[in-house]
Every structure is written in structure tokens, then in C-alpha cells.
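Quick notes on the structure that follows.
The values are calculated or read from the model by the stated rules, or taken from the named source; none is laboratory data. Everything numeric in this text was worked out from a predicted model, so none of it was measured. As a convention, Cβ positions derive from the backbone with ideal geometry for all residues, glycine included, and neighbour counts pool all protein chains shown. Just the protein is used for accessible areas: all its heavy atoms, side chains included, with ligands, DNA and RNA removed. Shrake-Rupley method; radii C 1.70, N 1.55, O 1.52, S 1.80 Å.
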Amino acid sequence: MKSTKKLFRIAVTGMLAVSMLLPNSLAMYQAKVKADALYLRESPGGDVIATLSQDTVVAVLNNSSSWYKVVANGKEGYVSGEYLTGTTTTDFSLGKAKIVCDTTVNFRSQPNTSSSVLASLKNGTVVDVTGVQSNWFKVTYNGKTGYVHPDYISFSVTEGTSSNSGSSSANNSSSETIVPSANAVAYTGTSEKRAEVLEYAAQFLGTPYVYGGSTPSGFDCSGFTSYVFANTVGTIPRVAQSQFDATTRVSLEDLEPGDLVFFGSSPSSISHVGIYVGDDTFIHSPHTGEVVKYESLSGTYLTRFQGGGRVIFD
């Protein structure tokens with residue numbers, strides 16, 4: 001598939017530092033840094049505690065505003081969500097963390113409360129966090145690998161340095177620019193219109209699937225895509241089949257970020273739609289019981305792929 005080609009920079013203004021009331025209902029998921037370098041801050045717009053390199057995989061704990069609460073390299077902090085993209089990686093090191101509970105918490109064999117208990121971990125126990133799955137942390141302890149619910153995991157937060165003290169490569173290189181005062185980051189995209197679609201779509205990660213839904217309180221698949229496009233580059237039909245019929249066909253090999261991707265048993269039986277984000281990944285609202293998420297264009301999605309749909313021409 002085509003890779004993105006044009007380099008441009010997006011300055012994130014102070015408008016991003018909005019209310020950070022963090023509801024517990026949003027799903028935890030993994031993402032990777034899509035900028036050359038990105039500051040991890042101790043609070044929205046606050047002091048820098050780390051610089052994350054391109055393709056660093058993070059666990060997103062909350063995305064209820066433009067500042068995402070994440071964990072990376074054993075540190076918990078905030079990044080601008082505009083500079084994260086989807087990844088299907090589930091195994092990645094998040095560093096050491098502590099168990100926080102009243103007495104003990106169950107260390108389970110699978111990421112659910114009905115699976116067998118491998119051990120009971122006491123408050124203050126140090127564990128290695130090695131990934132995320134189904135809204136649970138994957139954890140290694142005493143030679144065993146299992147899962148602990150994120151409510152009982154605490155990562156240490158290192159005191160940050162001044163926001164003017166980032167690495168020289170992050171502050172001085174013309175191709176790896178970060179301006180702390182604006183949090184501007186090098187971002188690769190084919191056009192500003194395509195980037196606008198992807199960034200607008202990303203703010204709804206974690207939104208629940210609702211059959212017939214077409215608002216931020218809940219989306220079905222085509223409700224999500226029609227809402228995103230209506231609020232960015234232009235109106236498209238509401239139903240997946242109609243979106244397929246109304247858009248220009250694009251082959252798998254020619255997909256560009258911002259194109260629609262359609263799935264079904266045939267071109268006349270389209271049953272699902274998402275938005276391609278690049279790197280064989282798309283964002284969609286999957287089905288009942290799920291939330292808006294990034295997904296790999298592989299497996300059954302690949303076998304059911306009926307074509308791309310182009311709305312943006314550049």
C-alpha cells in the first residue's frame with residue numbers, strides 16, 4: 001500500500017488544554033507515536049517527563065480530550081493525541097509498576113474476571129507490564145505471565161524537567177522539530193484534508209458501538225464514518241452500501257489515509273465500513289459490545305475487503 005508522502009507540521013494551540021475530567025468508561029488500547037519525537041508531559045501542557053521516539057508503543061488510558069493520558073517506558077503522563085496512530089501490537093514493554101489495592105488483587109490467566117487465578121498479589125508488589133489486551137494489563141510476575149485489571153496498577157511518574165530542556169535533536173533538527181510552547185510535532189500525511197479526517201476520527205476512540213447510532217454518544221459503523229466526514233471534508237451517505245456506491249473505487253494497493261474501506265460478501269452486499277489510517281490499519285466502530293478502535297486490515301477483514309472508497313482527491 002502507498003505510504004504517506006508529504007511532511008508538514010501542525011501546531012497544537014493552547015485550546016487543547018481543556019477540561020481533563022477523565023471518565024472511567026473509556027477503553028484502554030495501544031497506540032504508537034507517529035511523530036519523529038513527542039513530549040510526554042506530567043499534566044496537559046505541563047512539564048516534560050520524557051521524549052518518546054517515533055513508533056514508540058504506548059498504552060492509552062484515557063482519550064476524553066485532545067490530551068491523551070498514556071503509559072510509556074514505565075511513566076504515566078499526557079501527550080497530544082493528534083500524534084498517535086493505531087497499532088495491532090499487543091506485546092510491548094511498559095516497564096515496572098506497583099500493585100495498588102487494599103489487601104490483595106487477583107493475578108489472572110486471561111483478561112477477564114472469570115478466568116483462573118494464578119496468584120494473589122499484595123499491595124505494593126512490583127510487576128513487569130508487558131502489554132495490553134481487552135482493557136487489562138498483561139503482567140509478568142515470579143516467572144508467570146497473566147493479567148491484572150488497570151484499576152490496580154500504578155506507574156511511577158518521574159518529576160519532569162523544564163519544557164525548554166528537551167533533547168537537542170528534538171528541538172534543533174529541521175526534520176525532528178518540537179516546539180514546547182506549541183507542542184508542534186513533525187507529522188507525515190498526504191494532505192491537510194486527509195490529516196483532518198484522521199485526527200477528527202481519533203478523538204472518538206473508545207466511543208461505544210450503538211446500533212443505528214450516528215452521534216458521539218454512540219456510533220454504528222456507517223454512522224461513525226458519515227459523522228466524521230460530515231464534520232471535516234464533506235457529507236457522504238449514511239448507510240455503508242450507499243457510501244460504497246457513491247464513492248470512487250480504490251484498490252487495496254492504492255489506499256491512502258483518509259480513504260474509506262468497505263467489507264462484505266460482495267460489492268452489492270456491503271455490511272461494514274471504516275476509515276483507512278495507513279500501515280495496513282483502519283479505524284472503525286466494529287459491532288455491539290465493542291468501541292471505536294483501530295484494527296489491522298488483515299485476517300477476515302482482508303478476506304471480506306470489497307474495495308476502498310475515495311472522497312478526498314489531492
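A simple spin-label model places the labels of Ser269 and Lys144 4.7 nm from each other, with each point 7 Å out along Cα-to-Cβ. In the range 45-148, carbon and sulfur make up what percent of the accessible area (probe 1.4 Å)? That fraction is 41 percent. Using only side-chain charges placed at the Cβ, +1 for Lys and Arg and -1 for Asp and Glu, the dipole size of the range 20-159 relative to its Cα centre rounds to 360 debye.
Need one word for the range 185-287: rounded, prolate or oblate. Basis is the Cα gyration tensor (sqrt eigenvalues a ≥ b ≥ c); a/c below 1.5 gives rounded, then a/b vs b/c decides. Here the range 185-287 falls in the oblate category.
Here the range 206-234 and the range 33-98 have alpha carbon centers that stand 25 Å from each other. Simple spin-label estimate for Lys193 and Ser296 gives 3.3 nm between the two label positions (7 Å along the Cα-to-Cβ direction from each Cα).
When the C-alpha to C-alpha distance is required to be over 22 Å, the pairs from Lys69/Lys122; Lys96/Lys122; Lys34/Lys75; Lys69/Lys193; Lys32/Lys75 that qualify are Lys69/Lys122; Lys69/Lys193.
Near Val132, the amide H atoms lying under 5 Å from its own belong to Phe92, Lys138; only residues 5 or more places off or on other chains count, and H is placed 1.01 Å from N.
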